[in-house]
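To start, the structure under review is shown below, and the notes come after it.
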Amino acid sequence: MKSKPISLGLLLLFLFLFAATPSWASYVLSPTDIVHNDAGTYGASWPEINMINGSGLEGNPFTSGVTDWDTYFAGDPTHNTGGNYAWFSDATNLNGTLTYDLGGTWFIDKIALWNESYAGVSHFEVWFDDDTDRSNGYVVGGTGNPAPAADLVPSYSAEIFDLGGSFEATYVHLHLTGFDKGWGELISIGELAFSASATPAPAPPAVFLLFSGLLGLASYRRFNR
């Protein structure tokens, strides 16, 4: 007769701990610097810093590492085409790797790409690393095939890419291949940002299995006492 109270106590303890667990928060994160760029730059008017400084974003700007990801992108923030607000690679350069410094260690699960409307990216690979060395230690975090950038419109929205997991990184290598327009042989990006958290994303399936196991144990002990 003592097994039933013990099982019920375990279930109540689990439910209390689960309810007390804080929800996982994801923030909009801009890199603090670009420490490598072998795709080059078309000219001084379109420097690489343009893709991480928020210069072309319209509406309410975000605060890196503070603004909530879901709240910000629910407002469909757009990027301005006019002016010198984007980065353009060197002429005739259709691929290259950019290494971004995140300014600390974060867990990354998504990337937002404002694909520039002149010669936007057609394919990319994301690698996560704890240093700037691209020859060792990196983890492949996913790929993306952006939709063709809007054709020279006044402004354009971000495309969100889910990377299929939460990856720990201090540096991100973004390998670009191809462009989606016939305007010239170069690649361009308006802006990019990462979905970041200071802790890894939870694993709901594991939590569910633990709960199911406890529930099954309680039922077994109840009917076999």
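As an equivalent ellipsoid, the stretch 22-223 spans semi-axes of 36, 18, 15 angstrom, where each value is the square root of five times an eigenvalue of the C-alpha gyration tensor, largest first. For E168, nonlocal amide neighbours, meaning residues 5 or more places apart or on other chains whose placed amide H falls under 5 Å from its own, are I108.
Using the Cβ-Cβ distance between V153 and T177 with R0 = 30 Å, the FRET efficiency computed as 1/(1 + (r/R0)^6) comes to roughly 0.80.
Read-outs: derived from the displayed coordinates by stated rules, not from any lab. For clarity, every value in this text was computed on a predicted model and none was experimentally measured. FYI the Cβ positions are ideal-geometry reconstructions off the backbone, even for glycines, and counts take in every protein chain you see.
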